[in-house]
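Here's the structure we're looking at; comments come further down.
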Amino acid sequence: MAKSLNLNTDVDDKTFDKKSALEWIATIEGEGASVREQDIYPLLNKWIWDNDITDVVDIGSGQGVCSSKIPVDTVYTGVEPSEFLLGRAKLHYPDANFLRGSAYELPLPSSSVTGAFSIAVWHLLSDSERAAHELSRVLKPGGHYFIVTADPQHPAWKQTPDHIFLRSETELNAVWFKHRLKTTRMGAFRSFWYFEGRKV
Ligand SMILES: C[S@@+](CC[C@H](N)C(=O)[O-])C[C@H]1O[C@@H](n2cnc3c(N)ncnc32)[C@H](O)[C@@H]1O
């Protein structure tokens, strides 16, 4: 039987505490976040359009901003472990669907979505194997994923705290491939790189 999830101890947001959540809100709701309009959101929309994706799960949706940056006819579900950020998401984006959960235990049925994306979350995950298993489980066969995570070669990550997990391209792809997730395209911007792929 699958291990049940303890949201108090079993998610990496024990390091993404209220202080981190407040800092994240200040970052994402401040002017500095406008840079995302030039890179993250165009890539996210291109991924949706290129692959005819009709419905998505946003893993680690934070304060919910991505729900407002995708085509309006895309069915959106945000999954977020932090009660605090979830509350903020529901306040700012009342028409979007947000659920409490973790990358390690997505509150969605198996083979239920055509697209899954996760932005600036994967490098916070200590157990990428468990997250890959969940990502693969919820995707329909042939479903698509889009992951933005820390590019370990970028100088911005030279001095990282212990809760940032920098993984090489080989490590990331090996874990995904084990869970039938095959990268089809990748690229880099600022201190991040992104991976697009399919469940095979
Ligand atoms: C840097 S923020 C990014 C938020 C959002 N993806 C965005 O780009 O606007 C990192 C997010 O990862 C979430 N997070 C941390 N551990 C997680 C886990 N185990 N499962 C899912 N999300 C997690 C945090 O609570 C936080 O919302």
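Here are the numbers for the structure shown:
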item	result
Number of the exception - Leu124 against (1) in contact with a helix residue (DSSP H, G or I) (Cβ under 9 Å, 6 or more places away or on another chain); (2) more than 15 Å from the ligand (Cβ to nearest atom); (3) not hydroxyl-bearing (Ser, Thr, Tyr)	(2)
Selection status of Ser82, small (Gly, Ala, Ser), over 15 Å from Glu196 (Cα atoms) and free of Cβ contacts under 8 Å to residues at least 40 places away in the same chain	no
Pairs, first in contact (Cβ under 8 Å) with a residue 60 or more places away in the chain in the range 54-78, second near the ligand (Cβ under 8 Å from one of its atoms) and part of a loop (DSSP other than H, G, I, E, B), C-beta under 8 Å, six or more apart	Ile59/Ala103; Ile59/Val121; Gly60/Pro81; Gly60/Ala103; Gly60/Ala120; Gly60/Val121
Selection status of Leu125, free of Cβ contacts under 8 Å to residues at least 60 places away in the same chain, buried (at least 19 other Cβ atoms within 10 Å of the Cβ) and more than 18 Å from Asp52 (Cα to Cα)	no
Count - residues of the range 157-185 that are in contact (Cβ under 8 Å) with a residue 12 or more places away in the chain, loosely packed, with under 12 Cβ neighbours inside 10 Å and in a helix (DSSP H, G or I)	0
Criterion violated by Pro109 - all others in (1) surrounded by fewer than 18 Cβ atoms within 10 Å (Cβ to Cβ); (2) over 27 Å from Glu29 (Cα atoms); (3) within 13 Å of the ligand (Cβ to nearest atom) satisfied	(3)
Test: Val35 is more than 17 Å from Thr114 (Cα to Cα), among the aliphatic types (A, V, I, L, M) and either crowded, with 20+ Cβ neighbours inside 10 Å or more than 11 Å from the ligand (Cβ to nearest atom) (or both)	yes
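Bear in mind that the values in this text are calculations on the coordinates, not laboratory data. Bear in mind the structure is a predicted one, so any value in this text is a computation, not a measurement. Cβ coordinates were reconstructed from backbone atoms using ideal geometry, including for glycine residues, and neighbour counts include every protein chain displayed.
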